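In what follows, a structure is listed as structure tokens, so that the remarks can point back to it.
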Amino acid sequence: MKGYVSIPNSIYTKPCKYCGARPIIALTSHIDYVVRCPNSDTHYKTQPGLIDVEDWNIHNTLLYERDKISNRY
Ligand SMILES: [Zn+2]
């Protein structure tokens with residue numbers, strides 16, 4: 001573990017769908033970041049690279065929320 005950055009409150013993030021935690025940004029190398037759950041490595045984390053909060057949000061969307069979103073379009 002190299003370090004963590006907390007995500008500013010101004011950025012909308014969904015809570016972890018497994019445990020409800022607010023995600024954090026972890027630095028995996030000097031250039032790669034992942035957005036991940038602070039509680040467990042087995043919960044969803046994004047691919048190393050750019051900070052991808054959107055990807056986190058998509059993967060932590062519960063099924064009923066996804067249905068609501070798809071109905072809008
Ligand atoms: Zn979690």
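The values are calculated or read from the model by the stated rules, or taken from the named source; none is laboratory data. The structure displayed is predicted, hence computed values, not measured ones. For neighbour counting, all protein chains shown are included, and Cβ atoms are generated from backbone atoms with ideal geometry for every residue, glycine included.
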Output the residue which, of all residues in the range 14-53 that are in a loop (DSSP other than H, G, I, E, B), more than 12 Å from the ligand (Cβ to nearest atom) and within 11 Å of the chain's Cα centre (by Cα), is surrounded by the most Cβ atoms within 10 Å (Cβ to Cβ).
-> 46
Is at least one residue of the range 5-13 within 16 Å of the ligand (Cβ to nearest atom), outside any loop (DSSP other than H, G, I, E, B) and either among the aliphatic types (A, V, I, L, M) or at pLDDT 95 or above (or both)?
-> no
